[in-house]
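Accompanying notes for the structure given below.
Read the figures in this text as sums done on the coordinates, not as results from a lab. Bear in mind that the values here come from a model prediction, so they are computed numbers and not experimental data. Here the Cβ positions follow ideal geometry from the backbone for every residue, glycine too, while neighbour counts run over all protein chains shown.
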Amino acid sequence: MRRRSLLIAVPAGLVTLAGCGDDDKSDSSKASDSPSPTPSGSATSAPPPPKIVDGPLPAITAGTKLGTKPTVAKGTGDPSKQLAVKTVIAGGGKTVAENDFIQAHYLGQVWSTAKVFDNSYDRKTPLVIQLAEGGIIDGWRYALTGKKSGSRVEFSVPPTWGYGTKGNAQAGIKGTDTLVFVVDIQDTFNSKSSAKGTDAAQSDAALPKVGTNTDGKAPSIDIPKGKAPTKLVAEYVIEGDGDEVAADSSVLVQYKGVLWDTGKEFDSTYSRSALTSFSLEQVVKGWAQGLTGKKVGSRVLIVIPPSLGYGDSPPAGSGIKKDSVLVFSVDILAKM
């Protein structure tokens, strides 16, 4: 697994897969793969929103292109006690809203020393995280909401909207430190996000047919007459062009699940209007095996036999009977 980010305020608290995770592995803080060991200073009493001001902000002296690791000068003088925010490169993509998930590269350092305490560029893996209260330090939520994907944003975060008076000992951040971040926003995702790619042939009449709409609405899943497959099925409905998902990856998804026998929906992110993230190591074998090797951006049909699903022990209250065959449409939005 990749090294975890230090900048997250508290575990993201994302909804784990309600219809697909093993009961003893459904802790939401584990599913996000990016919790910090240190809670934010605002965990018990949230401060009022900061004022957004233009500066001061230290200069970016090298790595000035979007997507390249920046070098940021040491802060001079006293930093703002509010949130100083500057759009260094203005992107033309989707606008980020609060509670969206963003995919971004970032670097964070201490104002007074220029000590870099965390960055994603060296890990060569962008961060995917929700801009939700309690899920990330408040400075990120306030600084990035309203910005567009494709943008580079520099901002300074005083302790009030960072780690509070306790700081973050693991990162070497004191309770008096103002932090400076440079963030390259690659993409943003919300409950209307869908797969992006090329429609795949669905020519096997013995398999369910899944809708290919990409308007953010739940796709249709038409179950054929006849017996369900006895082995796992994992086929592209829409094939994306992103990175392949590994067996130990965490992913951000939209999904819909129905029962083969009745076609009845038993779980769906579309119904909840909320995306879900999880580790493939923390879901039933059918999900883990079905998504491993598939590309980000894709919509995948997964048909899970009981032996790779819940067998004779379905989750209580799920509406799933013993030995049910489960059918899913899964949009892989991002790898986390």
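For region 156-179, enumerate the residues that are surrounded by fewer than 22 Cβ atoms within 10 Å (Cβ to Cβ) and of a type in the set (Phe, Trp, Tyr).
None - no residue of region 156-179 is surrounded by fewer than 22 Cβ atoms within 10 Å (Cβ to Cβ) and of a type in the set (Phe, Trp, Tyr), so the list stays empty.
Within the set of pairs 6 or more residues apart or between chains, which connect a residue that is in contact (Cβ under 8 Å) with a residue 24 or more places away in the chain and closer than 12 Å to Asp184 by Cα inside region 90-106 to a residue that is among the small types (Gly, Ala, Ser) and not in a loop (DSSP other than H, G, I, E, B) with Cβ atoms less than 9 Å apart?
Hits for this filter: Gln103/Ala334.
Within region 239-260, is there a residue that is hydrophobic (A, V, I, L, M, F, W, C) and under 14 Å from Asp204 (Cβ atoms)?
Taking region 239-260 as the starting set, the residues that turn out to be hydrophobic (A, V, I, L, M, F, W, C) are 245-247, 251-253, 258-260.
Of the ones still in play, those that are also under 14 Å from Asp204 (Cβ atoms) are none.
Looking through region 239-260, none of the residues is hydrophobic (A, V, I, L, M, F, W, C) and under 14 Å from Asp204 (Cβ atoms).
Taking the condition crowded, with 23+ Cβ neighbours inside 10 Å, closer than 22 Å to Pro48 by Cα and in contact (Cβ under 8 Å) with a residue 60 or more places away in the chain, does Val128 pass? Even if it seems obvious, please write down each step before you answer.
Values: crowded, with 23+ Cβ neighbours inside 10 Å: yes; closer than 22 Å to Pro48 by Cα: no; in contact (Cβ under 8 Å) with a residue 60 or more places away in the chain: yes.
In short, no.
Which residue, of Gly293, Gly286, is at positive phi and either not in a strand (DSSP E or B) or not aliphatic (A, V, I, L, M) (or both)?
Numbers: Gly286 fails: at positive phi.
After ruling out the rest, the residue left standing is Gly293.
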